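Before any comments, here is the structure.
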Amino acid sequence: MVELLEIAPFRQLLSHFRFLLTLRSREGHYRSLILFRLSTVENDAANDDGHGGEETHSDGIVKESDPSYRLNCNSRQLYAMEASCPHLGADMSHAEIEECDDSVVAVCPWHRYDFDLRTGKSETGLKACTFAVHVNPNSEGVEVVSIEAPEEGSGWRLVELRSVSEEFADPPPASSPSNYDEDSESREERTSHDDEEPVVPLDDPPKTLLQWAVLILNTPNPTLKVERTKHAVHLFRTGKLSSIGHKSSHAPHPPDVPSRDASWTRNLKTDPAKVKNRKNRAVMLHALANIEQWAIDLAWDIMARFGPLYPNIPPAFFHDFSKMALDEAKHFSLLTSRLSATSPATPYGSMPVHASLWDSATTTAHSLRARLAIIHLVHEARGLDVNPGTIERFRRAGDKETVEVMEIIHADEVTHVTAGHRWFMWICEQQGIIREDGGVVRAFREEVRRGWRGEVKGPFNVEARETAGMTPEFYEGLRGELGIGEAVGQNVAPEKHPTANGSLDDWKGVKGAIADIPVEYERNDQR
């Protein structure tokens, strides 16, 4: 018997024409799919009125030449196929849709391989996995879209449904941070520099994804960092880059710490406790934007730092984390725009900030497994716990616009923890760690013991964590011992290869001092 996996009410899918679906099986396997909706809203309305599948445009003319009409005039024109091209793993979310004889094909943006949306067959001889889509009324008469679940594995569930589009807020007006101790000459120099530096460098522009990653990590200005992130991800998705670049022997090395403009660096503190006093919305927005700026860098760093160490890692790893970088850039843009609207006198960069997220990045620079555990399954998972309280605080303040922004951020961050869990499962599998006997959970808890300090306390957002794959055995009673009784560098499990910046022995000697830096998630005062 075919297992149907419910996706969403059909009406919910009228907002966009493409959706990314992430599925997870009971066994912990993941599948990423693209759901294509070829019919227009007008066509869907016509179906509801009993006029069949003819596409009626605003001019009242039925477009019988439309591919969706010719393919099947009685269906909703919904198709699901795997999200990665079976040729070299290109992201198919930005595939072109073309009519071909009596079918409709998705054309890979990298090498123009075409795949029939119904059968997955290609003239090249390759075949993509496709999944039949059904639209049936439920017990309440609401039309619900379902797909046939993958044959391998069992207990499949939908853990992510998101439109393939990114909406960025308009950037705040260009202005210098209100650092009153900054002299006018330095402000003038920074502004002039920002105005002159283009998104794409004029000399030796990046040609691979990892070259873009390192350029972005070395970009001091946060606004330019956002623009470069948007541009790089677009180039990657549309096949405009020569390669990912992680298999090259000359892959660029990421910096130990991402560059920051001097005017922002003056406000950088190492102790999060010194910037916890959030007395108003502007302070909260500034602190949240700071977290998102570091998160942009973390997404690029994990690709640049660990990609070359795993030349056989699936392209989906880079799709997931480039999408994450784009999400974090979107979040930063949304939050700084709200900050500008809420408090024009205190633009981003005018208040003290901290770098505790990057402290954890430094602690985990030796190990992909450690990085995924600490950054994505502790830090970002803690975000899932505190976001509802933050949203409620803005709601009580009557700030509807910021509530909407925070709800977008929260929904995206569930998918980020999902990605962290997916690739933590992958690295454990590569290392021979068996999920069925609890080995994955033990590996995670051991990484937290070595790379985190203190107890990971509740209350936990159990529903959001479970959606992301984190069952209670991952986090209940979780405690780290970072820096207790031994230097940080002496308490790691090497992955049997050097880091991107040198040997593991080098890392041990250099990083031990960071044991004295508190690494704690910054919680909001919800009282």
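Name every residue in region 429-444 that is hydrophobic (A, V, I, L, M, F, W, C), out of contact with any Gly (no Cβ under 7 Å at 6 or more places or on another chain) and closer than 23 Å to residue 479 by Cβ, in order of residue number.
Step one: filter region 429-444 for residues hydrophobic (A, V, I, L, M, F, W, C), giving 433-434, 440-441, 443-444.
Still in the list and also out of contact with any Gly (no Cβ under 7 Å at 6 or more places or on another chain): 434, 440-441, 443-444.
440, 441, 443, 444 - these are the residues of region 429-444 that are hydrophobic (A, V, I, L, M, F, W, C), out of contact with any Gly (no Cβ under 7 Å at 6 or more places or on another chain) and closer than 23 Å to residue 479 by Cβ.
Determine the pairs where a residue that is under 16 Å from residue 322 (Cα atoms) and among the small types (Gly, Ala, Ser), located within region 199-212, has a partner that is in a loop (DSSP other than H, G, I, E, B) and open to solvent by 20 Å² or more (accessible area, probe 1.4 Å) with Cβ atoms under 8 Å apart, the partner being 6 or more residues away or on another chain.
none
If I go through region 434-450 residue by residue, how many of them are open to solvent by less than 40 Å² (accessible area, probe 1.4 Å) and either touching a Ser or Thr at 6+ places or on another chain (Cβ under 6 Å) or free of Cβ contacts under 8 Å to residues at least 60 places away in the same chain (or both)?
Within region 434-450, residues that are open to solvent by less than 40 Å² (accessible area, probe 1.4 Å) and either touching a Ser or Thr at 6+ places or on another chain (Cβ under 6 Å) or free of Cβ contacts under 8 Å to residues at least 60 places away in the same chain (or both) number 3.
Listed residues 404, 413; which is buried (at least 19 other Cβ atoms within 10 Å of the Cβ), at pLDDT 95 or above, out of contact with any Phe, Trp or Tyr (no Cβ under 9 Å at 6 or more places or on another chain) and among the charged types (D, E, K, R)?
After applying the criteria, what remains is 413.
What are the residues in region 340-364 that are modelled with pLDDT of 90 or more and of a type in the set (S, T, N, Q), if any?
Listed by number, the residues that qualify are 340, 342, 343, 360, 362, 363, 364.
If I ask for residues that are more than 29 Å from the chain's Cα centre (by Cα) and outside any strand (DSSP E or B), which ones from region 127-160 would you list?
138, 139, 140, 141, 142
Whether any residue in region 250-260 is of a type outside the set (S, T, N, Q), assigned to a loop (DSSP other than H, G, I, E, B), crowded, with 20+ Cβ neighbours inside 10 Å and modelled with pLDDT under 90 is what I want to check.
Among the residues of region 250-260, at least one is of a type outside the set (S, T, N, Q), assigned to a loop (DSSP other than H, G, I, E, B), crowded, with 20+ Cβ neighbours inside 10 Å and modelled with pLDDT under 90, which makes the answer yes.
Given the structure, is residue 429 open to solvent by 60 Å² or more (accessible area, probe 1.4 Å), under 28 Å from residue 326 (Cα atoms) and of a type in the set (D, E, K, R)?
Details: open to solvent by 60 Å² or more (accessible area, probe 1.4 Å): yes; under 28 Å from residue 326 (Cα atoms): yes; of a type in the set (D, E, K, R): yes.
Yes; evaluated as a whole, the condition is true for this residue.
Looking at region 337-374, which of its residues are touching a His at 6+ places or on another chain (Cβ under 9 Å), open to solvent by less than 10 Å² (accessible area, probe 1.4 Å) and under 19 Å from residue 299 (Cβ atoms)?
Hits for region 337-374 are 356, 360, 372.
Taking the residues in region 110-124 that are open to solvent by 70 Å² or more (accessible area, probe 1.4 Å) and without any contact (Cβ under 8 Å) to a residue 60 or more places away in the chain as candidates, determine which candidate is nearest to residue 97 (Cα to Cα).
Here is the first cut: in region 110-124, the ones open to solvent by 70 Å² or more (accessible area, probe 1.4 Å) are 111-112, 118, 121, 123-124.
Keeping just the survivors that are without any contact (Cβ under 8 Å) to a residue 60 or more places away in the chain gives 112, 118, 121, 123-124.
Working: 112: 11, 118: 13, 121: 15, 123: 15, 124: 17 Å.
Going through the qualifying residues, I end up with 112.
The values are calculated or read from the model by the stated rules, or taken from the named source; none is laboratory data. Since the model is a prediction, treat every value here as computed from it, not as a measurement. Virtual Cβ from ideal backbone geometry, glycine too; neighbours counted across all protein chains shown. SASA here: full protein model, heavy atoms, side chains in, ligands and nucleic acids out. Shrake-Rupley method; radii C 1.70, N 1.55, O 1.52, S 1.80 Å.
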